[in-house]
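Novice: Have a look at this one before I ask anything.
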Amino acid sequence: MRDALADQDPALIQDAAYDAEEYLRAEIAAHPDKSEADVLELIASTYGAPEEVAAAYRETEAKVKAALQSPPRPAAHVPSALRRFFSVYRDPRAYTSVFFMLLALATGILYFVIAVTGIALSLGLAALIIGIPVFLAFISIVRVISLGEGRLIEAMSGERMPRRPVHPGPKLGLWAGIGAMLKDSRTWTTLAYFILMLPLGIIYFVIATAGLAFGLTFTLAIPIEVLHHFDVIGASLQPAWLATAPVLIALNILGIIGLTALMHAARGIARVHARIAKRLLVTPG
């Protein structure tokens, strides 16, 4: 299955491999009286050959991508540069990207605490028998959280992420299972992502809050002065020359441009972050 989907997205390959292995092991368990060759022949006739199943996955993935893409604009109505600049407000992912940047600080702190605490406990208890279940539970929790993080990133950026985890494979002994976890590069890249999210979360949060503060403050300058003029609020821009009409209009324009630039920046940051997450969280195809 992996060979048949070698040219596809690693996230799709991970999902397809999980489905195939799950079906394979379920069929083997359901027919204990049959030899492995007989079970494989049965699976080939029911589940399908790898090439046939891979073709079905490709077709489904193409339909999903086509459904998620925005319809192309007619060539006769190609927007100007100014319209393209402000069209970002019609992109839902621009809003979800800003939300992700604001949320990144909280998730970054959470992931960093989980990673550092889990590593410290695992190393500190390594000499004791309790250290083994602590390590296994820690890695399992990290992998579950990373799967949820992938779904959040896909919803935020549109980047394809796995819907299913890597299949655990056959049951291994205790020490063999620990050895497999230690040898799995995804264990270490996922931990690296959890630790990396703290500095990235701080950067994202600062950019988002600074951009929103700048943009909203300047954009709302005129409404604030209008409310102050009718004694609805007591606040007013200081010094007084800032409250003049030309300055207020200039501040309003700067605020709108600042907010729009933040939306573009957030969308770009989200795309870059999604690629980083895919590199660290998804098993290579």
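The values are calculated or read from the model by the stated rules, or taken from the named source; none is laboratory data. Model, not experiment: these values are computed from the prediction. Don't worry about glycine lacking a Cβ; one is built from the backbone with ideal geometry, like all the others, and counts go over all protein chains shown.
Listed here are the residues, each with its yes/no results for (1) surrounded by 19 or more Cβ atoms within 10 Å (Cβ to Cβ); (2) over 20 Å from residue 86 (Cα atoms); (3) modelled with pLDDT of 75 or more; (4) in contact with a Pro (Cβ under 7 Å, 6 or more places away or on another chain).
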| site | (1), (2), (3), (4) |
| --- | --- |
| 211 | yes, no, yes, no |
| 218 | yes, no, yes, no |
| 225 | yes, yes, no, no |
| 234 | no, yes, no, no |
| 251 | yes, no, yes, no |
| 254 | no, no, yes, no |
| 275 | no, yes, yes, no |
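Novice: Let me ask you something else. Looking only at residues that are closer than 17 Å to residue 188 by Cβ and of a type in the set (Gly, Ala, Ser) in the range 123-149, which one is modelled with the highest pLDDT?
Specialist: The residue in question is 146.
Novice: Also, I was wondering about something else. Looking at 106, 176, 192, which one is outside the structural domain of residue 262 (by TED's automatic domain parsing) and surrounded by 12 or more Cβ atoms within 10 Å (Cβ to Cβ)? Outline the logic, then answer.
Specialist: Working: 106 fails: surrounded by 12 or more Cβ atoms within 10 Å (Cβ to Cβ); 176 fails: surrounded by 12 or more Cβ atoms within 10 Å (Cβ to Cβ).
Matching residue, one of 106, 176, 192: 192.
Novice: From the set of residues in the range 69-89 that are at pLDDT 60 or above and loosely packed, with under 10 Cβ neighbours inside 10 Å, which is nearest to residue 254 (Cα to Cα)?
Specialist: So the first thing to find is which residues in the range 69-89 are at pLDDT 60 or above, and the list is 69, 79-89.
Checking the rest, the ones that are also loosely packed, with under 10 Cβ neighbours inside 10 Å come to 69, 80-82.
Numbers: 69: 31, 80: 20, 81: 18, 82: 15 Å.
If we take residues in the range 69-89 being at pLDDT 60 or above and loosely packed, with under 10 Cβ neighbours inside 10 Å, then 82 is nearest to residue 254 (Cα to Cα).
Novice: Residue 127 versus (1) surrounded by 13 or more Cβ atoms within 10 Å (Cβ to Cβ); (2) outside any helix (DSSP H, G or I): which is the lone unmet condition?
Specialist: All conditions pass for residue 127, except number (1).
Novice: Among the residues of the range 15-67, which ones are among the small types (Gly, Ala, Ser) and buried (at least 16 other Cβ atoms within 10 Å of the Cβ)? Show your work before the answer.
Specialist: Taking the range 15-67 first, the residues among the small types (Gly, Ala, Ser) are 16-17, 20, 26, 29-30, 35, 37, 44-45, 48-49, 54-56, 62, 66-67.
Once the filter is applied, which keeps residues that are among the small types (Gly, Ala, Ser) and buried (at least 16 other Cβ atoms within 10 Å of the Cβ), the range 15-67 yields 16, 17, 20, 54.
Novice: Return only the number of the condition from (1) within 25 Å of the chain's Cα centre (by Cα); (2) assigned to a helix (DSSP H, G or I); (3) modelled with pLDDT of 85 or more that residue 63 does not satisfy.
Specialist: (3)
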